[in-house]
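Notes to accompany the following structure.
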Amino acid sequence: PAVWVMTSSSLDLQVVWMTINIFLFLWFYFFYDLGDQFFYTRHILGSALAWARAPAAVLNFNCLLILLPVCRNLLSLIRGSFMCCGRTMRKQLDKNISFHKLVAYMIGLMTAVHTIAHLLNVEWYYNSRLGEYDDLSTALSSLDDSGNTTFLNPIRSTTTTPTLLVFTSVAGITGVIITLSLILMITSSMEVIRRSYFEVFWFTHHLFIVFFAGLVIHGAGDSSLTPTTKNNFCESQTWMWVIGPMILYVCERLLRFIRYMQTVKYRKVCTVIVIRPSKVLELQLVKNGFKMDVGQYVFLNCPAISQLEWHPFTMTSAPEEDFFSVHIRSVGDWTQKLISIVEQLPEGAEGPKMGVDGPFGTASEDVFDYEVAMLVGAGIGVTPFASILKSIWYKFKDSNPKLRTRKIYFYWLCRETHAFEWFADLLQLLEREMEERGMGNFLTYKLYLTGWDQSHANHVMVHADADTDVVTGLKQKTNYGRPNWDKEFEQVRKENPTSVVGTFLCGPAVLATVLSKKCVKYTDVDPRKTKFYFNKENF
């Protein structure tokens, strides 16, 4: 059925990833738990040997993957350059940050299992050295290097305690370092910290350099905790797993540095940097060789604020324009400082130096691949759709024959009335353009105000008979409250009985859950009828 195909295809990558994780864990678990070469080591350690080694193999695999989802230039290249990258593949690439988090959680889980198992190993090694177990364990622990064999017990004397071994061995020290780094990276990535204290998240996340350096060293030292024989020594292969992604990521950062050094100019600073009452800053920038597509985003760096911080912003300009623009809402320290710098600029002065990395591809790039598109923006999340609607206006203006999309439904949800201000001009322009061309039905837009007070309600009642909306000045009146999504999807399906509908969201995760479920619910089982595909912006 179409519904099953749509939902299952989005899980393909996760299923493959989880299958490989399970396979690696089981393969190495039974390799160490049943292998004859580990018979005597297992006699001392029992199943803790396999429980230490199996998670280590899974850790290597996931440490290979963890950097790839944040190599944005590589992902954009795959997304936009290869013909084999179809819709399903692009949907997987659009979930790069979600996959990055998933891999990080697996690394955290396997680190916990690996650490606990090795702590038990050390304790059992120590007890065997003291002779607290059977005679064979004591004898095996007393073996020294000779001929083809190496010692089985890394605790070489009874004066060495488990704590001393952990904090004096290479494996122990590096293990503590990488575990602490991992804990700090994961905890600082929590939504509440990332949104409220972005600098904490940004700087703490760069502990990945310490993590990877410690990981390679730890892999070499870790084998000393489970020695076998000189011919079958458990030599570390960690560096072989992570060297490729590390080189790719270094190239990614070098490319970012090169882009940072390229000159970025402001276009007509005195007229295009506009601070609206809603505290949204518009920057229109020009950069040689810069080419973009609808819905793409860039990373911006302002050295006057921080040399290291880069923040993602969706571009609101169209590819047809000779500049690119971003709209920046005041939501944190970095954005507040940038707006403050711009506000204090003398009239006609050049804005602060900006570094630009990108553009990078997103789900919104695919909007023109659908016959029908539902665009849903929440607050400043409308920015990718500003780019799309501008591009549509240019395509109509130039009578572009390649425009495949024949119907767009646009929904914008805002909490405050002044949040509509900066985008209302574009909607008015589109509204007028469509009417002049006799295509008033091409764009259906609905604006929703989710927060208001009594004075605003009274003002609306007084002007209820006006031809235009009192909030936006548009002919389409503003709706109050939240959309009834069942009603909206039912209407879209009724008006487009045989179409493929792309549903695009730039907004909160809660709304994404609702819309994705509606896409599944209203996709017809008959493949010849209406099908909905959900796409969400991820940064």
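The values are calculated or read from the model by the stated rules, or taken from the named source; none is laboratory data. Note that the coordinates shown come from a computational prediction; the quantities given were computed from them, not determined experimentally. We place every Cβ from the backbone using ideal geometry, glycine too, and count neighbours over all the protein chains shown. To get the accessible areas, we keep the full protein, side chains included, count just its heavy atoms, and leave off ligands, DNA and RNA. Shrake-Rupley method; radii C 1.70, N 1.55, O 1.52, S 1.80 Å.
A few notes on this one:
- Between Lys291 and Lys487, full extension at 0.36 nm per residue minus the direct alpha carbon distance yields a gain of 66.7 nm.
- Accessible surface ranking for Lys517, Lys494, Lys397, 1.4 angstrom probe, highest first: Lys494, Lys517, Lys397.
- The range 10-258 - percent of accessible surface contributed by carbon and sulfur, probe 1.4 Å: 72 percent
- Length released on extending from Thr450 to Thr498, taking residue separation times 0.36 nm less the Cα-Cα span: 14.0 nm
- Additional length obtainable on full extension of the chain from Ile173 to Tyr133, 0.36 nm per residue less Cα span: 11.6 nm
- Met292 - accessible surface, heavy atoms, 1.4 Å probe, Å² rounded to 10: 30 Å²
- Rounded to 0.05, the FRET efficiency of the Leu254 and Tyr105 pair, given R0 = 30 Å and the Cβ-Cβ distance, is 0.55.
- Surrounding net charge for Tyr260, when Lys and Arg each add one and Asp and Glu each subtract one, Cβ distance under 11 Å: +3
- Probe 1.4 Å, accessible area per residue of the range 10-258, Å²: 51 Å²
- Ser189 accessible area, 1.4 Å probe, all protein chains in place, Å² to nearest 10: 40 Å²
- Spin-label model, Gln262 to Glu191: label points 7 Å out along the Cα-to-beta-carbon direction sit 3.5 nm apart.
- Estimated distance in nm for a label pair at Ser306 and Asp526, the labels positioned 7 Å out from Cα along Cα-to-Cβ: 5.5 nm
- Over the range 264-360: Rg over Rh, Cα atoms, Kirkwood Rh: 0.92
- Met190 exposes around 100 Å² of accessible area when a 1.4 Å probe is run over every protein chain in place.
- As a fraction of the 1.4 Å probe accessible area of the range 264-360, surface on carbon and sulfur atoms comes out at 47 percent.
- Sequence ranges 193-200, 344-351, 324-331, ranked by mean other-Cβ count within 10 angstrom, highest first: 324-331, 193-200, 344-351
- HN-Hα J in Hz across the range 171-176 - Karplus 6.51, -1.76, 1.60, θ = phi - 60°, x for Gly and Pro: 4, x, 5, 5, x, 5
- List Glu490, Glu436, ordered by accessible area with a 1.4 Å probe, largest first: Glu436, Glu490
- Residues with amide H under 5 Å from that of Tyr297, placed H, sequence gap 5 or more: Met315, Phe360
- Projected onto its three principal axes, the C-alpha set of the range 318-395 covers 47, 27, 22 Å, listed from the longest axis down.
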